[in-house]
Structure formats: structure tokens, C-alpha cells
There are 2 protein chains.
Amino acid sequence: MKCRRCRKTDAAVDLPSHNSAFCPECFFLFFRRQVTEGIRKFRLLSPGDNVMVCVSGGKDSLVLWDILIELGYRTEGFHIDLGIDGYSGRSRDKVLRYAASRGKEPIVADLRAEGIPIPEASKRVRREECALCGTVKRYYFNRVAAERGFTAVATGHNLDDEAARLLGNLLHWDEEHLSRQHPLLPEIEGGLVRKVKPLWRVSEMETAAYGFLKGIEYVTEECPFSVDATSLVYKEALSLIEEKMPGTRRTFYQGFLAANSMKSDVPANPSPGSCASCGAPTYTETCSFCRLKEQVTGSRGRS
Amino acid sequence: MKCRRCRKTDAAVDLPSHNSAFCPECFFLFFRRQVTEGIRKFRLLSPGDNVMVCVSGGKDSLVLWDILIELGYRTEGFHIDLGIDGYSGRSRDKVLRYAASRGKEPIVADLRAEGIPIPEASKRVRREECALCGTVKRYYFNRVAAERGFTAVATGHNLDDEAARLLGNLLHWDEEHLSRQHPLLPEIEGGLVRKVKPLWRVSEMETAAYGFLKGIEYVTEECPFSVDATSLVYKEALSLIEEKMPGTRRTFYQGFLAANSMKSDVPANPSPGSCASCGAPTYTETCSFCRLKEQVTGSRGRS
């Protein structure tokens, strides 16, 4: 089959959800346009931004960094080494290699050095690894952005991630989470930096194809703690529907965004206060990161 | 395993979504309570109602008729013979046999006798069978209710049906259909009778278990035209989630109803006018049923 755009080269990427198929060069053009349109639509980034790209070492975040560099944004990579045996080392290695190939050096936070590697912290405070990981990431994103003067924090969430999260929020009719599900979370004065998801219009298959065709090396294994994640069940259910009705996932998420952007009753979050212990933005007296560190340290003292 | 309620008899019906298991007698009690609560919650029916129960011959509608009789409601069965070779005869037969077992005689509309059997009509007007079937049913429900003085029309839609329909409406973010998805559609002056779905709280597995344990004979085959129905894809996706997270389907639909019943911005439908040809309630000059009949007759004259 020939590429549907140039009609010269053989198609390399089949896109049933767009009823199309492209050769590598035309696919890059398509991908770039999708990301550009995703950024433009909700004004996620402007040329003057200093963007911190959160890179896990997986395909989505490295593809995000790659395309933002290509689009000419000023970026730095930020990686959190979660302290998970084997997996974290391999992930960090991919980040370092990709960064080096672009003449960059990523900022790295090392949870083992901070005394809160995720597996140990999870056992000590008896909370799920994924919940802890979320707390830790939110903390570092804001802290590093504030310390280093980043104006936006970009994460690699793609269309499949966002559609699965939307389905989960709808299945539990979680109005609070629904009201905050958006590719753009604006800055809130008091230390909460703007968060953006520039890949919200591209599917997981599309970022995988982009990464493969660009020769980006990424960690292919899933985080060992994500195996039982409910988000994977939602993804599987949506994949089943997408296979029978290509394009449904896109219609679903874009329809939700269109319906929600018309509503004015979504309350803006108030400004946070400052953590009594570390000064980080928080809605409680001590931030959840400091409480976590204290709990882990306390538990270690007792055992 | 013993019944979780009486703890005497062996459990016959396993209900993971309720984290329970019942013997037949306790299951009947559970089922009756679910239906009673479903009726009470939205005031679907009152003791003075004269209820027309729409019976296809499948398990849900015959179980609905059975439980409404048992709960003491004044009911008559209404069946539409769709004129589908084999399937319609077998379905009608189940309805007649069940009715006879309760000393009743159902009202029957025969689409072959009316000159619009679904398969032929579909070919002649080039519209999908399921769409035509919907038009025909809506027409007869209102007409027969008006002619015979029924105050409510009850259909056998269960929780799985409603959750699948809700998922489809959400995936396409269909605000109009979402605003009208409810176990109760109130009467609208001008000929639109109240429509109710008393089984909205019970799952398909539960109606199947009730039908089996009560010895109700029903047609087990699906309508031959439903094979490609998108609703089956949505059901499959929800079953996949339900299996991993029992109870999600119930949380989903009940959460939606709770959230929507708080909103006051759902516009009430205006009163319909009367069809210029047959007098049936309609929002256009000639009702869609008359237009369908005319198209089929016209096409037959030409061929």
C-alpha cells in the first residue's frame, strides 16, 4: 500500500483511527502537526517558555522531549530515579543516553539518596507504590520548576492514557477528578507551576511508531508495580472498542473536552499555602512529601 | 457454599457485584427487593397504574412481566411480531405460552399483517433493521397505550443494557441522549405515555438466574439483526471491567443517575403535535411510522 499523502513511498504506519496510512516522512509530518495542534488548541506552551520535560525513560516521555526539541522549544529533561531494583537503573540509563545524543544532561532526583526509594517507602508507610509515586512526582515537579525557573512542566501522557483515565473517572462518576482532567492545568500562584500534556492528541501506537522510526531507545518493560493498575483494565476495554470502531477513543476524549470547555461551573483551585517544614506549596500544614519522609524515617528508627 | 442470608441452604446464585451468594428463596427475595427499590426510587409506578408490559419473548421482558404480576400490579402483555422468519414465530410462541401460564392473553401487533415486516421494510426503505424496529416500537407503545387506557409502558431493560447505552452515549458525548437516559420518561401531554424500566437495578445475569429458577421459558437466541449491534461491543467492554472489578457497572449507572438528577438544566420535551395522517403524537407533520408505511407501500408499487 502506498502512503496516502505523497502517494509515492510505501506506507509504513497504518492509522485506522484516521482512516489513513503514511510513509515515515509523511508520518513525521502528521505527528508534528498533531502535537502542534494539541499545543495550539489550549495554548499549552508559548515560544518564550522554559519547559521542564518529565522523562521516565519510557517511549512517551522521550518522544515528547524529542518532538519539543524539534519544534524549537527551550527544554530540559527531569528524571526521578524511583529506586526500584533493576527497572530504575535501566530507565535512568535510557534517559541519560537519549539526553547525551542531544548534547544534554538531564536533572535527576534520586529517591534512594533522598532516603525514600518507592518499594521501601511503600512497605514502611503501608501505602500503594503508585499512590506514593504520584505524591513524590507532584512534589518534585513543583520544587524543581521553582528552583530552576521553569515556566511549564510537560508530561508524556498520550490519548490512550487520557481516555483510560477519563473512562475510570466516568465509571466512578468522580466529578472532582473530571473537572480537573485537561491537557492544561494553569499555574496557580503560590508555587504550583503550569502542567501540560502536549501529546494528548496522539495515540500510544503513534508515539510508539514515532519512537521506533526515529530510532529512540527507550525502556520497553512496564514498571513492575503497574501490573495490577486499574488503568490497564480501562485501556484494555477501550482497545476492544477501538478495534471494532476505529476513532472512538479520539471522539470520546475530544468530545469530553469540548463539552467541558463550554461549562463555566468548574471551580478554579484556590492558591496553596506553604509547607511548615519545607516551604513547598500545600493545602495542608505540612506537605504530603514531608509527611511521607517523616513517616519513613520514623518507621526506620523503630525497626 | 451456604446462602449468605439464611445460612441454611446451599447458595445457588453467586453475586460477586454484591459480594454475596444466595439460595433460590433468598435470591427471589433479593431480586424482588431490587425491583421494588428501583420502582420506589424514581416513582416509576403506583398501585393505581394500568401497566402495559412490552414482551419480546426474551428473558428480560418475561421476567419483568412475572415480577410485576407478583408485586401485584395490574398488567397486560403487549407483543410485536416483527415478521422475521423463524425468530419472530419462536418469540411469539414463548410470549403466548408464558401468558397462558398466567391465564392471560397478550395484545399482539403483527407487522406482516400491517404490511411492514422488518426485513422487507428495511430493504425497501434502505434503513437499518434496528433503526426501523425502534421507530415501529415507539409508535405502537404510544398508540396501544392510548387506545386501551394504559397509564404506563414498562420495558425489560436491565442494568447491563442501561450501562452499555450510557457508555455509548458518553463515548460519543451525546448530550441530548444523555439528558434523556433515565429509568423514567414522564408522560407528555399530547399522547406520549409514561415509559418505565423497572429492572434498571438488576443485571442481565440476575434476570437470567431469576428466569431459570422460576422455570420461565424464553427465547434464548438473539435477534438475527443484533449481531453487529454496537451495544454488544459496549457490553463486552463493560463485562471485561466488571470481571476485574465487580460492582463497577452498578456504580457507573447509579453514579450517573445521582449526578444527573441534581442538574436542573435538562430541558423538558415540549408537547408533540398530531400526525396529519394517523393522529399519532409527532414532532413533524406526518409521523415517522406513517412515512415508513408510505415508503414501503410506494416501493412495493414500483417493483
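The values are calculated or read from the model by the stated rules, or taken from the named source; none is laboratory data. The shown structure was predicted, so the numbers you read here are calculated from the model rather than taken from an experiment. Reconstructed Cβ throughout: ideal geometry from the backbone, glycine too, with neighbour counts over all protein chains shown. The area values use the complete protein model at the heavy-atom level, side chains included, leaving out ligands, DNA and RNA. Shrake-Rupley method; radii C 1.70, N 1.55, O 1.52, S 1.80 Å.
The residue that is least open to solvent (accessible area, probe 1.4 Å), counting only those in the range B:228-247 that are more than 9 Å from every other protein chain (Cβ to nearest Cβ) and in contact with a Ser or Thr (Cβ under 6 Å, 6 or more places away or on another chain), is B:247.
Every residue, every condition in (1) over 30 Å from residue A:271 (Cβ atoms); (2) within 14 Å of another protein chain (Cβ to nearest Cβ), yes or no:
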{"position": "A:95", "(1), (2)": "yes, no"}
{"position": "A:107", "(1), (2)": "no, no"}
{"position": "A:124", "(1), (2)": "yes, no"}
{"position": "A:145", "(1), (2)": "no, no"}
{"position": "A:154", "(1), (2)": "no, no"}
{"position": "A:163", "(1), (2)": "yes, yes"}
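Look at residue A:253 and say whether it is over 17 Å from residue A:154 (Cα atoms), within 14 Å of chain B (Cβ to nearest Cβ) and at pLDDT 95 or above. When the stated conditions are applied, residue A:253 passes them.
I'd like the full set of residues that are assigned to a helix (DSSP H, G or I) and under 30 Å from residue A:37 (Cα atoms), limited to the range A:142-162.
Residues of the range A:142-162 assigned to a helix (DSSP H, G or I): A:142-148, A:159-162.
Answer for the range A:142-162, where residues must be assigned to a helix (DSSP H, G or I) and under 30 Å from residue A:37 (Cα atoms): A:142, A:143, A:144, A:145, A:146, A:148, A:159, A:160, A:161, A:162.
Of (1) of a type in the set (Phe, Trp, Tyr); (2) open to solvent by less than 20 Å² (accessible area, probe 1.4 Å); (3) over 18 Å from residue A:56 (Cα atoms), residue A:173 satisfies all except one. Which? Just one mismatch for residue A:173, condition (2). Of all residues in the range A:171-184, those that are more than 7 Å from chain B (Cβ to nearest Cβ) have Cβ atoms under 6 Å from Cβ atoms of residues that are open to solvent by less than 80 Å² (accessible area, probe 1.4 Å) and outside any helix (DSSP H, G or I), 6 or more apart or on another chain, in A:179/A:266; A:183/A:42; A:183/A:197; A:183/A:200; A:184/A:42; A:184/A:44; A:184/A:196.
For the range B:1-55, a residue qualifies if it is among the small types (Gly, Ala, Ser) and either on the phi > 0 side of the Ramachandran plot or under 25 Å from the mean Cα position of the chain (by Cα) (or both), and the qualifying residues are B:17, B:38, B:46, B:48.
Residue A:217: assigned to a loop (DSSP other than H, G, I, E, B), free of Cβ contacts under 8 Å to residues at least 40 places away in the same chain, more than 14 Å from chain B (Cβ to nearest Cβ) and surrounded by fewer than 21 Cβ atoms within 10 Å (Cβ to Cβ), yes or no? Before you say what the answer is, go through the steps one by one.
On the way: assigned to a loop (DSSP other than H, G, I, E, B): yes; free of Cβ contacts under 8 Å to residues at least 40 places away in the same chain: no; more than 14 Å from chain B (Cβ to nearest Cβ): yes; surrounded by fewer than 21 Cβ atoms within 10 Å (Cβ to Cβ): yes.
Judged against the criteria, residue A:217 is not a match.
Yes/no per residue for (1) part of a helix (DSSP H, G or I); (2) in contact with a Leu (Cβ under 6 Å, 6 or more places away or on another chain); (3) open to solvent by less than 60 Å² (accessible area, probe 1.4 Å):
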site: B:66; (1), (2), (3): yes, no, yes
site: B:75; (1), (2), (3): no, yes, yes
site: B:95; (1), (2), (3): yes, no, yes
site: B:99; (1), (2), (3): yes, no, yes
site: B:103; (1), (2), (3): no, no, no
site: B:115; (1), (2), (3): no, no, yes
site: B:122; (1), (2), (3): yes, yes, yes
site: B:140; (1), (2), (3): yes, no, yes
